Every structure is written in structure tokens, then in C-alpha cells.
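Notes to accompany the following structure.
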Amino acid sequence: MPANFATKTVIRTKQAPNNLLTLAAEPADSGKRLDSFIHERLPEYSRSRLQTWIKQDRVQVNEATARASHLLRAGDAVSVSPAELAPLHAEPEELPLKILYQDEDVVVVDKPAGMVVHAGAGHFQGTLVNALLHHFGTLSSLNGDDLRPGIVHRLDRETSGVIVVARTDKAHQSLAGQFQAREVEKVYLALAHGHFHRAQGIITAPIARDPVRRIRMTTKLDGGRSALTEYKTLEVFDRFTYLEVRIGTGRTHQIRVHLASLKHPIYGDTVYGAPASPLNRFFLHAHRLSFDSPSTGERITVESPLAPELATLLESLRHNPVTMDVLK
């Protein structure tokens, strides 16, 4: 815990009928986003709820309304006027769901590209969690988050493939421990731009949030979180390389940012420098997942075949390796 943590104060103004909360930005808070700052200081409220209050102008900086992305300066006075909101939680929703494996502990799903794993900013319907709740009724509640029941790991919205979800608290605890201990094998398939100097390699560059473009991650900053990505070439085409990728850690956008750091962004991944693709997604597929059964300890391996649109693209490359109109 930082040495100055104890000096951070939350003053509750007794006279205010709406229980106004006032917070003082300290030197260590300079440059922080407003939403991150108030979430750190008011952990009893969910991030989604605080975001809602910002949009409703219930959060002010120096007595003026501000956006969530507002960057604070030391000495800024931040006030929060709480509102009574209905608790946020995921609702069951009838959606297509491709189940690859299930038992009493877990369910393994083949997530399509375009589906968000759980609710978040701007996505409260149509998620994988909504579909799972409709199909199974209940999931693990161990993480205490009604928006993410059963979720122990995630896939990006445009990444397709295998994801495991905990049905019970016991399973959630077991899977979370396996992921933390790096005992879960995660294998992906990716199509990257260009040709690699080595047919296989390991990338260990630490990953941090890009301070300028917050939707991106970067390997160019000090203080990033450790990350391990292994790649192996499966096929080489005129302008692309088809890879098998294994990750030892589960950082946000890990494979995408690591390959982009080598100047080989994933096909269609415009966030990390690749041209837009006709597929309206990027070529990254979670192909295989191996973990120990929470009940029996037996090793369970589940595979997802390459998504149809990716398989079609790959076959087109094999038959027309040089002139590919679909890739232009």
C-alpha cells in the first residue's frame, strides 16, 4: 500500500441534503482520469454506477461538470452527489449459444466475434453472460459482481473461440487459481501482417495502458505488467504469416499488442495499425483451452474450429497467395 494512502480523505458534508461527497486530488493523483480517481476513492460504488453519475452531471471538478476522461491536477476539488440507483445486474436473454463442453462445474462456450463477454460501458444486452443466464439460470457469484457472474477470463469482443465459465463458486475459485498459477493452457490462431525474422519466438515486453489512446495498450512505457507470449509459424503467405500463439499471462489485448510491437499487427486489427478488413473483425481465434476439472482434477481440453469467415479467408490465401482482392 502506498505510504500516502492513509492521508487520502473523503469528507462527507453533513449539511448537504443529498449527502455530497468531496474529494481532494493529491500530487500523486495528477494526470489521473476523473473516473479512475473517483473509483479508487469510492470503492464501495461500482465503476458502472460512478460512470452513470458522471454522465448525469453528479460529479464536478472545482464546481464545474467534467467528463469521465478529464485529467486531474493536484489540488482539484472533486464533488460527488450520489443518487439512488437500482442495482446493476445481468438479465437472462435468449441468444444463440454454442456449447462445446459442460458439466456440473463449468461450461465451455464457442464465443462468436462481435459478442461482448459481459456487460460494461455501452453494453448491457446481447452479452455472453446474458445468454448463459437464460440457458443455465444461475452462474457462480464468487466475484460478487452481478454484471459478471461466472466470468474468470475474457476474450475481446472481436476475438472468437473457446471461453470457460464457472457454474459454481467452488469451480470459480478453482479456475481462478489455475489461471493465476498459469496452469491453464491457452492456444490461439492468428494471421499477422508481414514475415517474421524467426519462425518461432517469445515476446516478454511488459504491457501498460496507453495514456493517450485509452482504448489501446502499449509496450513502450515503464511500469507495465509482465506478459509472456509464444508464437510459432504455421504457414507463410505473400504478405501474411499464419501463427499458433500461446500465452502464459492474460493481459488486456496481450496478443494484439505484442505482435504489433514487432511491427506485425493482426489482420484487420485497426486499433494496432492494421488496415481495415472486409470481415469487420480481426483474425484472432481462441482455438484450444486446457484446465483441470474443479471436481475430479482430470485434465479437460476443449477445442474450437476456426471461425467460418476466418477459415474461408485462409483457404483463399492458400489458393491465391499473391493477388488477393479480399485482402485489399
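Values in this text are rule-based calculations from the coordinates and carry no lab data. In this text, all values refer to a predicted model and were calculated from it rather than measured experimentally. Every residue, glycine among them, receives a Cβ derived from its backbone with ideal geometry; neighbour counts consider all protein chains shown.
Pairs of Cα atoms nearer than 8 Å and 6+ residues apart set the relative contact order; for the chain it is 13 percent.
Considering only the chain, what is the antiparallel percent among its DSSP beta bridges, to the nearest 5? Of those bridges, close to 95 percent are antiparallel. Within the straight-line cut-off of under 20 Å between alpha carbons, the aspartates and glutamates reachable from residue 263 are 210, 222, 230, 235, 238, 244, sequence neighbours fewer than 8 places apart in one chain being disregarded.
Of the trypsin sites (Lys or Arg not before Pro) found in the stretch 249-285, those in coil by DSSP whose Cβ has at most 16 other Cβ atoms within 10 Å are 263. Whole angstrom only: what separates the Cα centroid of the stretch 167-199 from the Cα centroid of the stretch 233-252? So the two Cα centres are separated by 14 Å. Average projection, convex hull of the Cα set of the chain: 19.0 square nanometres. Under the convention that each Lys and Arg Cβ holds +1 and each Asp and Glu Cβ holds -1, the size of the dipole of the stretch 89-181 around its Cα centre is about 200 debye. From a point 7 Å beyond the Cα of residue 263 in the direction of its Cβ, which residues of the stretch 196-236 have a backbone N at a distance under 14 Å? Within reach of a label on residue 263: 196-198. In the chain, helices alone account for a calculated mean residue ellipticity at 222 nm of -5000 deg cm²/dmol, with every DSSP H run of four or more residues adding -39,500 (n - 2.57). Considered as an equivalent ellipsoid built on the Cα gyration tensor, the stretch 200-328 has semi-axes of 26, 23, 13 Å, the largest given first. Here the gap between residue 91 and residue 65, fully extended at 0.36 nm per residue and compared with their Cα-Cα distance, gives a gain of 6.2 nm. Between 126, 249, 211, the Cα set farthest toward the positive side of the dipole of the chain (charges on each charged residue's Cβ, about the Cα centre) is that of 211.
Each Lys and Arg Cβ is given +1 and each Asp and Glu Cβ -1; about its Cα centre, the chain then shows a dipole of about 1100 debye. Note on the chain: dipole from Cβ charges, positive end direction compared against 184, 136, 278; the farthest Cα belongs to 278.
So which of 111/232; 32/98; 186/220 end up more than 31 Å apart by C-alpha? In this structure, 32/98 lie more than 31 Å apart at Cα. Under the convention that each Lys and Arg Cβ holds +1 and each Asp and Glu Cβ holds -1, the size of the dipole of the stretch 175-324 around its Cα centre is about 600 debye. Extension gain, residue 153 to residue 33, is 40.7 nm, computed as 0.36 nm per intervening residue step minus the present C-alpha separation.
Starting from 0.36 nm per residue, how many nanometres of slack lie between residue 235 and residue 134 once their C-alpha separation is accounted for? Walk me through the intermediate numbers first.
Numbers: separation 101, 0.36 × 101 = 36.36 nm, distance 4.04 nm.
Taking residue 235 through residue 134 to full extension adds about 32.3 nm, to one decimal.
Distances between placed amide hydrogens fall under 5 Å for residue 274 paired with 269, all partners being 5 or more residues away or on another chain. A simple spin-label model places pseudo-atoms 7 Å from Cα toward Cβ; at residue 316 and residue 299 they are separated by 3.8 nm.
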